[in-house]
Amino acid sequence: MILIKTNRDNLIKPLQMVAGIVEKRQTFPILSNVLIENNEGTVRFLTSDSEMQIETTSTVKKGKNQNFSLTVSVKKLLDILRSLDPDAEVSFLKKDEKLQIKSGNSQFSLQMLPAGDFPTITEDNESTAVISLPQNTLRNLLNNVQYAIAEQDIRYFLNGVLLSVENGELITVGTDTHRLAFASTQIQSNEVNLSVILPRKTVIELLKLLKDDKTPVSIEIFSKRVILSFSNIVLLSKVIDGKYPNFNRAIPTQNDKTFDLDRLSFLHVLQRVSILSNSNELLKGVRLLISNEKLGVICKNTEQEEAFDEIAIIYSDNDIDYSLNITYLTDLLNHVSVDTIRFAFSDAASSVLITIPGRDDFKYVIMPMRI
């Protein structure tokens, strides 16, 4: 019995949207599958990792297509569809409790697991807040801070991005306690002092899915979950249960010595000198020799090899010898899409504050290190 017959693109595009959260190794085999349901020509695709769930839909011509509900391996199905010609016509058939996939002379047979056993997540409570903003705005807010969040820290609240609404301002913050990134934007909202912590995996998936345009994204906030709806996608995620540290205390307010740098020029200098930096990420330091009208950049490694470069700057204050983790600098420069950044500091023992000249919607703080 033919379940569905449609163009390859009607299947592969929605599958690619939902496949990203499926882990290669699963405790429960059904979580390696995608739930596919057809209801009168609207085909629903849903995946879950028990913490997060993504669904989207695709429209196909009704014709002789049947309503159905099934689950199969999302990776195997995607690999099959990728192997077919872009304009191929694909048929799904059900035979002996297996899903048969036919296209031209090609035929595949996949094991199915019962759709009724698929662990979908639902939210029955009313949301505590609903926020709407352009997709590119949310994408930038997350992109500008996600590189600073911790990975597998025992302080679990650091393994995510703080999403906070304060007096009409939407704020995102990421920190691993060695560095902190802050971004904000003004929004139309009556919500005050509302915050959740989005898990790292959720943030990374959102950055893959959010478009770089002004089409809207809706964020519904619940006590233990968030639901984001955009571009025919619904992403539901648990939030991290914990109290985020007071990030404002980590942002310096007395850094009175400043100079500006061209972002790309500085990035290229760091990439060059990092060739002779230590391979150990924790010891990957760079010295910044800040003096009259110039910035010296030095990297050394444990083999006593050294790289030096220099950039002209507008600076006439006291000389300072600063040591920072070079990865923390390149992470920033690779993610923030601006021409110029501003360094602000007080002395070599205190944190450096990096901002964007003329704007107060981004701050990046790095703790100094000993080399």
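Report, ordered by chain and residue number, the lysines lying within cross-link reach of Lys201, taken as a straight Cα distance under 27 Å and ignoring same-chain residues fewer than 8 apart.
In chain and number order, the partners are Lys13, Lys24, Lys75, Lys76, Lys211, Lys214, Lys224, Lys238, Lys243, Lys284, Lys363.
State the volume of the convex hull built on the alpha-carbon positions of segment 129-248, expressed per residue in Å³ and rounded to an integer.
93
If only Cα atoms are counted, what is the Rg of segment 3-142, and what is its Dmax, in Å?
Taking only Cα atoms of segment 3-142, I get Rg and Dmax of 16.3, 53 Å.
Would you mind listing how long segment 9-88 runs along its three principal axes, going by Cα atoms, in whole Å with the largest first?
Largest first, segment 9-88 extends 39, 26, 16 Å along its Cα principal axes.
So for the chain, what are the equivalent ellipsoid semi-axes in whole Å, largest first, each being the square root of 5 times an eigenvalue of the Cα gyration tensor?
Result for the chain: semi-axes of 47, 24, 18 Å.
May I ask which residue of Phe259, Leu198, Leu288 lies farthest towards the positive end of the charge dipole of segment 195-352, with charges of +1 (Lys, Arg) and -1 (Asp, Glu) on Cβ and the Cα centre as origin?
Projecting each Cα onto the dipole axis, the largest value belongs to Leu198.
So what is the 222 nm mean residue ellipticity for the chain from helices alone, if each DSSP H run of at least 4 adds -39500 (n - 2.57) and you divide by all residues, rounding to the nearest 500 deg cm²/dmol?
-4500 deg cm²/dmol
Do any trypsin sites (Lys or Arg not before Pro) in segment 213-306 lie in a DSSP loop with no more than 15 other beta carbon atoms within 10 Å, and if so, which?
Answer by residue number: Lys214, Lys224, Lys243.
We did not get these values from a lab; they are worked out from the coordinates using the rules stated. Just so you know, these numbers come straight off a predicted model, no measurement behind them. Quick reminder, even Gly has a Cβ in these numbers, built from the backbone with ideal geometry, and neighbours come from all protein chains shown.
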